[in-house]
Every structure is written in structure tokens, then in C-alpha cells.
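Working notes, structure below.
The values are calculated or read from the model by the stated rules, or taken from the named source; none is laboratory data. Source: prediction; values computed, not measured. Neighbour counts run over all protein chains shown; Cβ positions are idealised from the backbone, glycine included. Ligands, DNA and RNA are stripped out before the accessible areas are found, and what is left, the full protein with its side chains, is counted by its heavy atoms. Shrake-Rupley method; radii C 1.70, N 1.55, O 1.52, S 1.80 Å.
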Amino acid sequence: LDAAEQAADKARAARREAERAAEGARTRAAEAGAELAAANRFVRGVAGPSDDARPLAEALHVEPGYELALAAALGPRLTAGIVSDLVAGERLLDRAGRDGGSALIDGIGARGSASPDWRDRPPADGAEPLLDRLRPRPEGARLAERLLRNVWIVESLDAFAAGFDGVAVTRSGRLLDLRAGELSQAPMGGSDRLLEEIGRRDELVAASQRAAEDEARAGEAVGRATAQVTDADAARETAESSLRATLREAAEADEDVGRREWVVARRREAPEDGPEAVRRAELLGDLRAEHRLAERIERERADRARALDALRSGAERDLRVGAEADGAARALDTARDAVAGRRDALQAELEAGAQAGEETAATLRACAHEEAELQGRLKRTSEAVTGAEVGAQQARDAAAEVERELDAIARRLGLDPDLAAEPLSSEERQSLEARVERLERRREQLGPVNPLAKREYEEAVEHVEELEAQRHDLEAALAELEGLIKETDRRIREAFEETFAAAARNFEDVVEHLFPGGRGRLRLVRADQAPRPVIGGEPEPAESPEDEEPETGVEIEVTPPGKSTKRLSLLSGGEKSLVALAFMFAVFLARPCPFYILDEVEAALDDINIDRFLELVKRYSARAQFIVVTHQKRTMDAADTLYGVSMGGDGVSRVLSRRLGGQPVDEAAA
């Protein structure tokens with residue numbers, strides 16, 4: 001059994017290794033396929049689609065490092081389509097339409113334009129024919145020979161042999177055509193990039209084939225390992241069954257041996273025992289049973305005797321207690337009679353006290369009534385005294401006011417405010433009356449005067465002072481509030497920058513996982529960086545405070561493998577889903593949540609991208625719980641717990657996958 005279990009463990013380990021190897025081979029095949037698709041898209045985008053004519057660039061394979069030289073030598077002919085005759089060429093140009101195009105006819109051309117021995121006349125020392133660096137396909141061999149005759153690769157264009165009338169080109173893409181007197185330079189990133197991508201595509205095709213073969217071999221290895229695991233499990237089960245049968249037989253044999261040894265020992269200890277031994281043993285057993293029964297009866301008799309003694313002693317104790325209870329009853333009767341007499345006496349005293357209390361209450365009521373009358377008279381007297389004091393005070397105040405007014409009038413008239421001992425003379429009296437009349441006329445000319453203006457002025461001044469104090473308080477509060485707002489903005493900005501930096505780093509890592517060979521980043525943009533209108537003039541910028549910061553937003557940039565950077569709206573549905581997942585996991589790693597609900601986020605993904613998505617979920621399932629609503633079988637296979645949900649009669653069922661890191665789930669709570 002140990003050997004079978006070890007073999008089963010080794011087979012499982014081998015199967016796990018084979019599965020990992022198969023997964024790695026599948027990943028490499030997918031990556032090679034993605035890179036090959038990107039290279040094909042680039043070639044088709046540069047060379048242009050064609051139904052029955054392949055571009056010349058696809059029929060030529062140049063050694064690495066000579067792409068610029070070939071691009072300079074052939075120029076736009078690299079993207080020209082290869083056709084068999086003139087009719088096919090015209091059809092190709094007709095399909096090109098207004099965009100124009102070019103075609104190379106394999107059967108037409110100026111053959112023999114260069115002498116047959118042109119290879120024997122190099123333009124300079126160290127020059128080599130460009131054809132020697134090519135490995136053309138059969139359909140492009142004759143065209144390459146025709147177009148690249150007498151085209152030499154040289155180190156420099158400084159000097160040439162006398163009589164050379166061919167084309168010299170350097171590996172950096174600089175070309176000199178001595179027949180036409182043309183000097184040109186091939187641009188970087190143009191046709192040479194097309195040649196590089198075509199060469200790379202051939203390598204990727206071979207790599208893809210190798211990866212597919214590796215994947216097939218890995219799949220076969222997984223199948224063999226699975227078969228070995230099945231065989232090992234079957235062998236282990238067989239060994240376990242054999243072990244159980246053997247152990248059972250051994251136990252039965254041990255039991256039989258023990259029984260026989262006991263019989264042998266008994267026979268050796270009592271050789272006289274024979275057929276009577278069984279009867280003697282039965283009689284001895286019955287006798288021991290009778291002895292045990294007699295002992296139990298004796299114990300029960302002793303227990304009953306002890307219980308009878310206890311009952312007798314209890315009866316005697318009850319008799320003594322009964323006598324004591326009779327004495328206590330007689331004492332209680334005596335006490336009851338005494339208490340009844342005391343109660344009657346107290347009742348009589350209570351009635352007498354109640355009568356006396358009623359008389360006292362009547363006296364108190366009479367006194368209270370008299371007191372109320374006295375309080376009323378006292379109140380009226382106090383009010384009269386108070387009124388008299390108020391009148392006296394008012395009289396004193398009026399006298400003081402008259403004296404003050406008299407003093408003021410005297411000062412204004414320039415007279416002595418003290419009363420004269422003698423009356424005024426007639427002249428002085430007439431002078432004062434004339435002055436009074438003149439002042440009255442002046443008062444009438446002034447018009448009505450508000451006597452409350454001074455009080456209103458004082459009240460207005462007090463109100464202004466109160467408003468000024470409130471303004472100072474409001475300014476202080478506003479300054480404190482502005483400081484608090486700035487501090488809050490600063491903390492918000494710091495928290496946002498910290499979170500954004502973490503999310504940006506995480507986004508790059510997650511995008512590299514979801515888009516092998518691609519890249520992505522998050523960057524901050526401001527509102528003033530948006531495109532401005534050109535037609536109709538530029539609008540006047542709105543005035544804003546100098547310390548006000550422009551609005552900031554987050555822009556997502558994603559470059560899938562083999563593509564240029566595109567806007568999110570130009571991506572496919574699956575790519576948009578991957579970008580959204582990358583952004584979600586980037587924010588999750590920066591600010592984790594306890595659980596996430598994902599509703600059919602992988603609906604637009606293929607099998608390869610679903611595997612990448614599931615790898616992300618498995619990687620972070622220990623840090624959060626994921627609830628995935630899905631229709632994908634791969635997601636259901638990877639789930640820890642499955643819940644089927646009916647959609648109400650339409651025959652559709654959905655699966656709720658709750659990933660809890662291996663923890664059990666309460667179905668009712670879920």
C-alpha cells in the first residue's frame with residue numbers, strides 16, 4: 001500500500017508538472033499568436049490588402065541589418081503587388097481606384113539590362129551584391145534578380161572603380177544611382193520597418209508552430225500523466241483492498257490461536273476436567289447467583305429496619321413538637337387579647353385626636369382668611385406708598401429738569417441762573433420778551449423738529465458699532481474657514497495624489513498581465529489642456545481667482561500589443577472589458593474593499609483573456625472576496641462555490657460564483 005501511494009503521489013506530481021508545462025506552452029502559443037497577428041496587421045496596414053497579388057516585400061527575406069539598404073534600393077516597389085501578366089496588373093490597378101498603386105509583372109521586364117558578368121566588376125573593395133543578402137521566395141526570385149542586378153552594398157559612397165554604372169547603397173540606407181545620377185536616403189521607420197516586421201513574422205510563424213507543437217506534446221504528456229494517475233489510483237485501491245483482506249484474515253487467525261491456546265492452558269491446569277466441567281460451572285454460577293440474591297435481601301431487610309427506627313424517632317419528635325405548639329397557641333391567644341385591648345384604646349385616642357384636629361383646622365382656616373385680608377390691605381397700602389414715592393420722584397425729576405432747563409436757557413441768554421431777589425425792570429422785561437419773540441420766529445422758520453433725533457442718532461451709532469463688531473467677527477470666522485478649506489484641500493490633494501500614484505503603478509502592472517506585450521498608464525489632465533475652438537475665434541477666458549486651481553481629470557492610455565495608442569472608444573468590446581478590469585484591480589490594490597461583485601465582466605472575452613482574468617482573481621482572492629455573475633464555463637470551473645440562479649421561466653440559468661479563499665459559505669446567508 002505504501003508503494004502504491006508513493007506511486008500515486010509521484011503520478012499526481014508528474015500530472016501537475018505536465019499541466020503547468022501545458023499551461024506555459026499554451027501561454028507561449030497565445031503570446032506568439034498575438035505577436036504574429038500584430039505583425040500581420042502591420043504588414044496588411046502598410047502593404048495594403050490584396051486579393052490575388054502579394055506585395056513584393058512578402059516575397060523577399062533580407063538578413064537582419066540590411067533592411068534599410070533594401071528599402072533604399074527598391075523604394076515604393078516593396079509594396080507593389082506581384083502579378084503574372086499584364087491583364088492581372090490592370091485588374092489590380094482598377095481595384096486600387098483613385099488611391100493609385102503599382103504592380104510588378106513577373107513575365108515582363110528588361111532582362112539582361114546589366115551584363116552577365118556584373119558580379120565580377122564590384123564598385124569598390126569590400127563591396128558585395130545585395131542579392132547575396134536575400135533569401136527570396138520562389139515567386140519573388142526572378143523579380144529580385146531583375147530589380148537588384150548590379151546593386152552593391154558598400155561601406156561608403158566616396159570612391160568607385162572606373163566604368164561602374166550600377167547602384168551603390170550603404171547599410172544605413174543611402175543610395176547612389178550612377179546611371180541616373182540620383183542620390184537618396186531611405187527614411188527610418190518606413191519600408192525598412194515593413195521588412196523587419198515581415199522577417200519577424202516568419203520567425204513568429206516558426207515560433208508559433210514550435211509553440212503549437214510544444215502545446216500538443218504537453219497535452220499528450222498531460223493525458224499520459226492523467227492515465228498514469230488513474231492507473232496508480234487503481235493500483236492503490238487494489239493494494240488497499242488486499243491490505244484490508246489480509247488484516248482481516250490475520251485478526252481471525254490471531255483470534256483462533258488465542259482461543260486454542262486458552263483451551264490448551266485450561267486442560268493443562270485441570271486435567272481432571274472433562275464433560276462434567278460445564279455442568280459444574282453452571283451449578284457454581286447458580287450458587288453464586290443465589291448467594292448474591294440472599295445478600296441483596298439481607299441488605300434490603302437492614303435498610304427497612306433503619307427506616308423503621310427513623311420513623312419511630314420522628315413520631316416521638318412530632319409528639320414533643322405538638323405539645324410545644326399547644327403552649328405556643330395558648331400564649332398567642334393571650335397576646336391576641338392584649339393586643340385587642342391596646343387597639344381599642346388607641347382607636348379611642350385616635351378619634352379624640354381627629355376631633356381636636358378638626359377644631360384646629362377650623363381655627364387655622366379662620367386665621368388664614370384673616371391673614372389674606374391683612375395681606376390685601378398691606379398690598380394696597382404698599383401700592384399707594386409706591387405710587388406716592390413715584391409721584392414724589394417724578395416731581396423731583398421735573399423740578400431738576402426745570403432747573404437744568406433754566407440753567408441752560410440762562411447760559412444761552414447770558415444771564416445769571418440764580419433767581420434775583422428783586423423783579424426785573426420794565427426795560428429788561430421788554431428786551432427779554434422781544435428776544436423770545438425773535439427766537440420763536442426763528443424756530444418757526446426752522447420748521448418742525450424731531451425731538452427724538454438725538455435718541456435715534458445714538459441708537460443708530462450703537463447699531464453701527466454692533467454691526468462693525470459683527471463684521472470683525474465674520475471676517476475672523478471667514479479667515480479661519482478659508483484656512484480650514486485650504487487645509488482640507490491640501491489633505492484631499494495629498495490623499496488623491498498618493499492614491500493616484502499607487503493606482504497608476506498598479507495599473508501598469510495589471511495591464512502588462514492582461515495585455516502581454518502591451519502597456520498602459522494613467523495620467524492627470526487639466527481642463528485648460530483640452531482642445532480649443534479654432535473656427536469663430538477663441539472665447540474669452542473666464543476670470544477666476546489667482547489661487548484657484550484648474551479642474552483635474554484622469555486619462556487612461558492603453559497600447560495593446562502590436563498597436564498604436566488608441567482612445568478608449570476605438571477599442572473592441574473585449575479590450576474595453578480588459579481595460580476596465582485593469583483599472584478596477586489597480587484601484588483595488590491601492591484602496592482595497594472587503595468584497596467585489598462582478599456582473600458578467602468577462603462576457604466579451606475569449607478563452608485566453610478569461611484565463612488571465614481568472615489568474616488575477618485567484619491571485620487576490622486571499623485579500624478580498626469576489627462574487628462573479630457569469631455564463632462562462634471556465635469561470636464556473638475556477639469558482640470555489642457555485643450557486644445556480646433561475647431567471648423565472650425563460651430557461652436561462654446564471655451562476656453566482658462566490659470566491660472566499662476556501663472558507664465555507666452559509667447557503668441561507670448567501
Within the set of pairs 6+ apart or on separate chains, which have a first residue in region 359-378 that is at positive phi and assigned to a helix (DSSP H, G or I), a second that is modelled with pLDDT under 80 and not aromatic (Phe, Trp, Tyr), and C-beta atoms under 8 Å apart? none
When you check LEU424 against the structure, is it of a type in the set (A, V, I, L, M) and assigned to a loop (DSSP other than H, G, I, E, B), yes or no? yes
Hey, ARG567 modelled with pLDDT under 85, more than 30 Å from ALA29 (Cβ to Cβ) and charged (D, E, K, R) or not: yes
Failed item, numbered, when ILE597 is tested on (1) more than 18 Å from the chain's Cα centre (by Cα); (2) over 25 Å from GLU31 (Cα atoms): (1)
All but one of (1) modelled with pLDDT of 70 or more; (2) in contact with an Asp or Glu (Cβ under 7 Å, 6 or more places away or on another chain) hold for LEU178, so report the exception by its number. (1)
Identity of the residue in region 136-168, modelled with pLDDT of 70 or more and of a type in the set (Phe, Trp, Tyr), that ends up least open to solvent (accessible area, probe 1.4 Å): TRP152
Per the filter on region 222-240, residues open to solvent by less than 50 Å² (accessible area, probe 1.4 Å) and in contact with a Leu (Cβ under 6 Å, 6 or more places away or on another chain) are ALA239
Inside region 483-528, the number of residues satisfying the requirement of being within 21 Å of LYS563 (Cα to Cα), without any contact (Cβ under 8 Å) to a residue 60 or more places away in the chain and hydrophobic (A, V, I, L, M, F, W, C) is 0
So for region 508-524 (the condition being part of a helix (DSSP H, G or I) and in contact with a Phe, Trp or Tyr (Cβ under 7 Å, 6 or more places away or on another chain)), does at least one residue qualify? yes
